[in-house]
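The next block holds one structure in the form of structure tokens; read it before the comments.
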Amino acid sequence: AKGLAHSPKVKVSRGCKLYPRGQIRIHTRCLRFVRLSTYSTGTMAARPEVTVYGTDGSVTSTVALPAVFKAPIRTDVVSFVHTNIAKNRRQPYAVNESAGHQHSAESWGTGRAVSRIPRISGGGTNRSGQGAFGNMCRKGRMFAPTKVWRRWHRRVNKNQRRYATASALAASALPALVEARGHTVSQLPQVPLVIANDVQSLEKTKQAVSVLKAVGAYDDVEKCQASKQLRTGKGKWRNRRHTMRRGPLVCYKQDTGLVKAFRNLPGVELCPVSSLNLLQLAPGGHVGRFIVWTEDAFKSLDALFGSETAPADESLKKRRAAPYVMPRHKMLNADVARLINSDEVQSVVRAVRPGSKRRTAKKNPLTNLQQLFKMNPYAKVAKRQATVYAAARQAIKAAAKKK
């Protein structure tokens with residue numbers, strides 16, 4: 001099958017569907033199962049190979065899958081880091097410091113049967129005597145006027161940022177998550193998609209289009225182009241008039257014309273592998289971005305993030321404080337039921353005790369009739385006699401009233 005024939009193995013949990021072409025549709029509520037459903041120990045040792053495609057779509061070579069694609073997919077870490085680092089692009093805003101206070105106003109005080117809000121002084125106009133300054137007044141200031149010295153930026157730990165980046169990269173290698181994010185990847189030969197280094201020397205947009213069509217990635221670009229529409233709200237007046245979906249992210253090692261060729265395609269973004277940005281790898285905090293790699297950029301991931309046996313290359317770090325070791329899975333097998341029912345676990349657990357009695361809740365006989373009858377069988381007779389006696393008394397009284 002053409003679809004995803006060379007992709008890393010993905011464990012399909014409940015709620016997911018495997019189609020004949022090899023593509024996987026996954027329900028949103030099943031995304032939490034995918035975090036631990038990556039490679040087993042044997043697969044990690046095998047280091048699966050990824051096919052490299054030329055600019056004409058033909059197979060040129062193969063490269064080993066970098067270890068970062070087997071990192072734990074922690075969507076909670078990605079969401080936390082994305083929320084905080086996205087705040088660092090904000091610009092301070094505030095209302096004018098004197099807004100709402102540019103009046104000559106003073107309170108009339110007490111004794112005039114009006115509120116003590118400051119009032120516009122003077123006369124000869126309907127503005128005089130109107131309330132001013134307060135947030136409840138017409139033309140008054142807002143409540144708690146905004147200030148530019150708010151805490152706009154957030155500091156995020158370096159290790160958390162690296163963990164989130166590694167998780168976002170690992171999610172980009174799972175076709176289920178890439179398609180669940182909304183990308184069109186049904187025509188791709190594999191995920192992750194790696195193209196030969198010749199693509200870095202392209203300078204014309206029509207050449208970039210032909211390359212994307214050759215490898216089956218242009219469908220996602222067309223989806224972005226069709227999604228362009230006017231923004232709702234006031235943002236359309238503030239230099240962000242249109243909205244559009246995100247398309248492929250082209251990750252390269254060296255720019256020798258690549259940026260000029262791809263930058264004008266709708267939805268396409270570019271990023272050097274030395275400056276991977278979580279805001280691009282997981283837009284909105286949602287993992288599964290469709291990434292198109294150049295061969296050199298793909299090979300350099302092991303040096304940037306390290307492997308299962310070696311830390312990251314110290315010479316590539318900006319601050320060389322300590323060696324960086326890639327995060328590891330807390331569980332290699334997420335099938336807990338299979339672990340519990342395995343022979344190794346069942347051979348050491350205690351056997352089920354036969355004849356165990358289940359404790360029942362103690363019931364109050366003063367409020368529970370069945371418990372009262374169980375403790376005192378005569379209580380049922382006594383209550384019945386009391387009911388008959390009361391009915392007879394009522395009949396005698398009713399007969400006496402008729403007389």
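The values are calculated or read from the model by the stated rules, or taken from the named source; none is laboratory data. Computed from a predicted structure; not experimentally measured. Here Cβ is always computed from backbone atoms with ideal geometry, including for glycine, and neighbour counts include all displayed protein chains. Ligands, DNA and RNA are excluded from the accessible area calculation, which covers all protein heavy atoms including side chains. Shrake-Rupley method; radii C 1.70, N 1.55, O 1.52, S 1.80 Å.
Scanning the range 123-161 for residues that are open to solvent by less than 60 Å² (accessible area, probe 1.4 Å) and touching a residue at least 60 places away in the same chain (Cβ under 8 Å) turns up Trp152, Arg154, Val156.
Tell me, yes or no, whether the range 285-298 has at least one residue that is within 20 Å of Val178 (Cα to Cα), open to solvent by 50 Å² or more (accessible area, probe 1.4 Å) and either at pLDDT 95 or above or more than 28 Å from the chain's Cα centre (by Cα) (or both). Checked against the condition, which is being within 20 Å of Val178 (Cα to Cα), open to solvent by 50 Å² or more (accessible area, probe 1.4 Å) and either at pLDDT 95 or above or more than 28 Å from the chain's Cα centre (by Cα) (or both), the range 285-298 yields at least one hit. Only one of the numbered conditions (1) closer than 30 Å to Lys87 by Cβ; (2) touching a residue at least 40 places away in the same chain (Cβ under 8 Å); (3) surrounded by fewer than 22 Cβ atoms within 10 Å (Cβ to Cβ) is violated by Pro189, and that is (1).
Applying the criterion of at least 3 residues that are of a type in the set (A, V, I, L, M) and under 30 Å from the mean Cα position of the chain (by Cα) to the helices (runs of 4 or more DSSP H) found wholly in the range 304-403 leaves 336-340. Of everything in the range 227-277 that's among the small types (Gly, Ala, Ser) and out of contact with any Lys or Arg (no Cβ under 7 Å at 6 or more places or on another chain), which residue is nearest to Arg289 (Cα to Cα)? Step by step, filter the range 227-277, then rank; the result is Gly247. Taken over the range 210-256, the criterion of being assigned to a helix (DSSP H, G or I), open to solvent by 20 Å² or more (accessible area, probe 1.4 Å) and over 25 Å from Val63 (Cβ atoms) is satisfied by Glu222, Lys223, Gln225, Ala226, Lys234, Lys236, Trp237.
Any residue at all in the range 98-111 that's of a type in the set (Ser, Thr, Tyr) and surrounded by 12 or more Cβ atoms within 10 Å (Cβ to Cβ)? Yes: one or more hits.
Within the range 86-108, at least one residue is over 30 Å from Tyr163 (Cα atoms), within 30 Å of the chain's Cα centre (by Cα) and either among the hydroxyl-bearing types (Ser, Thr, Tyr) or outside any helix (DSSP H, G or I) (or both).
Of all residues in the range 140-183, which are polar (S, T, N, Q), touching a Lys or Arg at 6+ places or on another chain (Cβ under 7 Å) and over 17 Å from Leu281 (Cβ atoms)? If the condition is that a residue be polar (S, T, N, Q), touching a Lys or Arg at 6+ places or on another chain (Cβ under 7 Å) and over 17 Å from Leu281 (Cβ atoms), then no residue fits.
Yes/no per residue for (1) open to solvent by less than 90 Å² (accessible area, probe 1.4 Å); (2) more than 30 Å from Asn84 (Cα to Cα); (3) touching a Gly at 6+ places or on another chain (Cβ under 9 Å):
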residue	(1), (2), (3)
Ala321	no, no, no
Val325	yes, no, yes
Asn341	no, yes, no
Asn368	yes, yes, no
Arg384	no, yes, no
Ala391	yes, yes, no
Gln394	no, yes, no
Lys397	no, yes, no
Lys401	no, yes, no
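Counting the residues of the range 195-209 that are open to solvent by 30 Å² or more (accessible area, probe 1.4 Å), assigned to a helix (DSSP H, G or I) and either within 21 Å of Gly182 (Cβ to Cβ) or touching a residue at least 12 places away in the same chain (Cβ under 8 Å) (or both) gives 5.
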